[in-house]
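Please treat every number below as a calculation from the coordinates, not as lab data. These numbers were taken from a predicted model, which means no experiment stands behind them. For neighbour counting, all protein chains shown are included, and Cβ atoms are generated from backbone atoms with ideal geometry for every residue, glycine included.
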Amino acid sequence: MVTEINTPIRQDQVLLFVVILAVSLAAGCHSLLHPNDLSGVSISLKRTACYGWCPVYSVTIHGNGLVEYVGEVRVDVPGPQTARIPPQRVKDLLRRFEEIRFFDLKEKYFETCTDMPTAIISISVDGRSKKVSNYYGGCEGAQTGPQVDLAKLAEGIDNAAGTGRWIKCDFDCMKGLVQNGLHVNAHAPDGDTPL
């Protein structure tokens, strides 16, 4: 014999359940496109050495538009430098992180080539952090996939930060950088300076 128990569900219980569900969904569906505090966002790219003449440097872009660069070796401007970019560029980068589902990627990707540089990308936003290492040079001919997406993201970070001005710079470029406040006595880890 089965006994049915009919307990009436009160309207306030239903309302409480709906509110808890809505808050849970909103928290779980939080997007990189709309961080709680843009000033707390930090995006970094580090490029490592290779067998050849690959530039070795790191650059960090903060949500407020501050760019911090440190040139190590095989760059025309070694040592620390700073610049500013519009915060909209940070938002554009966040969109790119979202498009490739950065937080769902593995921590390391490796291609079977040898003597290639590694791009290490990291992000910190709303208390979440992730770092992904991408050893990639395109030797396997991949046209799509996480390694291709990460290579494009690294290029986007470089473009947003304007690292090209420090990596490869002729005399006229250097003159313009000095006029705009280049720290000419900054030392790279090996002791080199921009001069």
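Full extension of the chain between Thr48 and Val73 gives 8.0 nm of extra length, using 0.36 nm per residue less the Cα-Cα distance. Could you pull out the pairs from Lys46/Lys168; Lys91/Lys152; Lys46/Lys131; Lys108/Lys130; Lys46/Lys106 whose alpha carbons sit more than 19 Å apart here? Violating the 19 Å Cα-Cα cut-off are zero pairs.
A cut-off under 13 angstrom between Cβ atoms defines the neighbours of Pro35, and their net charge, with Lys, Arg +1 and Asp, Glu -1, is 0.
Take 76-83, 46-53, 103-110 and order them by the average number of nearby Cβ atoms within 10 Å per residue, most first; the result is 76-83, 46-53, 103-110. Ellipsoid fit via the Cα gyration tensor, the stretch 38-179: semi-axes of 24, 21, 12 Å, each the root of five times an eigenvalue, largest first.
Each of Lys131, Lys91 has some number of other Cβ atoms within 10 Å of its Cβ, and from fewest to most they run Lys131, Lys91.
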